[in-house]
Amino acid sequence: MVFRREPSATNRKFMSLKAFHLIFVTLLTALSFGCAAWAFQAGSLFWGTTAVASGIFVIVYGVYFLKKLKHVSYL
């Protein structure tokens, strides 16, 4: 009979906060500009402009966050 030991907390692989934010900001930026294109296609100037503004805000936030955590590894 073979008993397997549960992996300890140090052996588990987790995504770092920096990597998570990088992926999150990238996806949210693509979503924002995609919604902007959709809104402009539908003829809604207000929602298109709002989506572009939110996309720019997300990019600014991503740059700020990466500068803040430049000493932290991606792993």
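The values are calculated or read from the model by the stated rules, or taken from the named source; none is laboratory data. For clarity, every value in this text was computed on a predicted model and none was experimentally measured. Quick reminder, even Gly has a Cβ in these numbers, built from the backbone with ideal geometry, and neighbours come from all protein chains shown.
Would you call Ile23 among the hydrophobic types (A, V, I, L, M, F, W, C) and in contact with a helix residue (DSSP H, G or I) (Cβ under 7 Å, 6 or more places away or on another chain)? When the stated conditions are applied, Ile23 does not pass them.
Could you tell me whether any residue of the range 59-69 is without any contact (Cβ under 8 Å) to a residue 24 or more places away in the chain and of a type in the set (Lys, Arg)? Yes.
Among the candidates Val60, Val52, Val2, the residue that is modelled with pLDDT of 95 or more and exposed (fewer than 15 other Cβ atoms within 10 Å of the Cβ) is uniquely Val60.
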